[in-house]
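Colleague: The structure is given below, and queries will be raised subsequently.
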Amino acid sequence: MEANADQQKLRELEKKVRVLTKKLERSEADRRQLEDASEERERILKVVIRDFELSQANLEHRTRELEVALRDLKQLQVKLIESEKMSALGVLVAGVAHEINNPINFIHGNLTYIKTYTQNLLKLVTAYQKYISSPIQELQDLSEEIDLDFLQDDMINILRSMQTGSERIQKIVLSLRNFSRLDESKFKAVDIHAGMDNTLMILQHRLQATATRPEIQVRKQYGNLPPVECYAGSLNQVFMNLLNNAIDAIEEANQACTDQEMQHKSHAIWLRTEVNNQDQIKITIADNGQGIPEEVQSRIFDPFFTTKPVGKGTGLGLSISYQIITEKHKGKLYCHSIRGAGTEFMIEIPVRQQSPTSR
């Protein structure tokens, strides 16, 4: 009986062992399946992370490309505007100069004859007065009516003033033609001082005294410069932009002054030129205006950036000037400014250009 009972218990134990073994096998299978699933998930996660990192790198690369493209687009836009502006300005200035030049040459050329004829007529009148001491009453009355004595003295003065005025107009016309420089599309050795003086001649109306401020003095400190190879028309545009900015800065500084302060305040622009070394010249255009705030000095050459009121500035003048100096002339354009004291713009360009760029 006991043997049967032991066998029965043994069979039950074997049965339980078989059940536990099967459960253990199922658990092991489940464990392996979970491990495989975990490895698959980890593999998929690594793939996703790698794809994400690749996508992020591609996005950053694309962003940099877009930033470069945007910067190039802005520069191209500025160049197109500058080219169109210079072309339109050059054609307009040359056209106006041509239209003025013909009639003023006619007037100036005939003034010499008018002066000669007038002097001869006055000599004749003087001779009549000498030999006819008692003219008839009608001539005496007419002489008093036209104030013959004053007319004789003033006629020559009037002709002299007319001749001076016509010569002044001729100089302005010559300055306009030299400023436009339509015929100079290639590098050419020119007189830098002549270009600066021509630009000053065109801006003379802005330098003169007004009802709100005294005259702006231009103080030249010209060095002994050699002829410099450059795009003369483009360089004149740089001078125009910098001088206009200097005048604007002086006028803006005056807005904070009383009339009495303004009358006693010096208003000046300095033009300095020098030879840095045998191969380079330096041009400085300085003013005693209000200066440029330090926080925006790093942005003044950015396209479309301006601190002027809406409608007064486009933000292109300095940007265009910077490109003309750095790209066309392989030079430097930089600024030094102290708030409340004034601003200096320095231009450095080579005397000779080794590999000029196309216009």
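Colleague: Once you put a point 7 Å from the Cα of Met162 and another 7 Å from the Cα of Val17, both along the Cβ direction, what distance in nm separates them?
Modeller: 14.2
Colleague: Calculate what fraction, in whole %, of the accessible area of the stretch 106-246 sits on carbon and sulfur atoms when a 1.4 Å probe is rolled over the protein chains.
Modeller: Values: 4780 of 8570 Å².
It is 56 percent, rounded to a whole number.
Colleague: Also, I was wondering about something else. If R0 is 22 Å, what FRET efficiency do you get for Asn276 and Gln354 from their C-beta distance, rounded to 0.05?
Modeller: Efficiency at R0 = 22 Å is approximately 0.85.
Colleague: Also, I was wondering about something else. Taking the highest mean first, how do the peptides 21-33, 207-219 order by number of other beta carbon atoms within 10 angstrom per residue?
Modeller: Going by the mean number of other Cβ atoms within 10 Å, highest first, we get 207-219, 21-33.
Colleague: A further question on this structure: How many nm is it between the label spots at Val48 and Thr126, if each spot is 7 Å from the Cα in line with the beta carbon?
Modeller: Roughly 11.1 nm, to one decimal.
Colleague: With label points built 7 Å along Cα→Cβ from the Cα atoms of Ala209 and Tyr222, find their separation and express it in nm.
Modeller: The answer from the label model is 2.6 nm.
Colleague: Still on this structure: Among Leu235, Leu148, Leu124, what's the order by accessible area (1.4 angstrom probe), most exposed first? Could you put the intermediate results ahead of the total?
Modeller: On the way: Leu235 5, Leu148 30, Leu124 90 Å².
Order by accessible area, largest first: Leu124, Leu148, Leu235.
Colleague: A follow-up question, please. Given a Förster radius of 30 Å and the C-beta distance between Leu70 and Arg339 as r, what FRET efficiency does 1/(1 + (r/R0)^6) yield to the nearest 0.05?
Modeller: On the way: r = 32 Å, r/R0 = 1.05.
It comes out at approximately 0.40.
The values are calculated or read from the model by the stated rules, or taken from the named source; none is laboratory data. Just so we're clear, the structure is a prediction, and the values are computed from it rather than from any experiment. So basically every Cβ, Gly included, is an ideal-geometry build from the backbone, and we count neighbours across all protein chains shown. The area values use the complete protein model at the heavy-atom level, side chains included, leaving out ligands, DNA and RNA. Shrake-Rupley method; radii C 1.70, N 1.55, O 1.52, S 1.80 Å.
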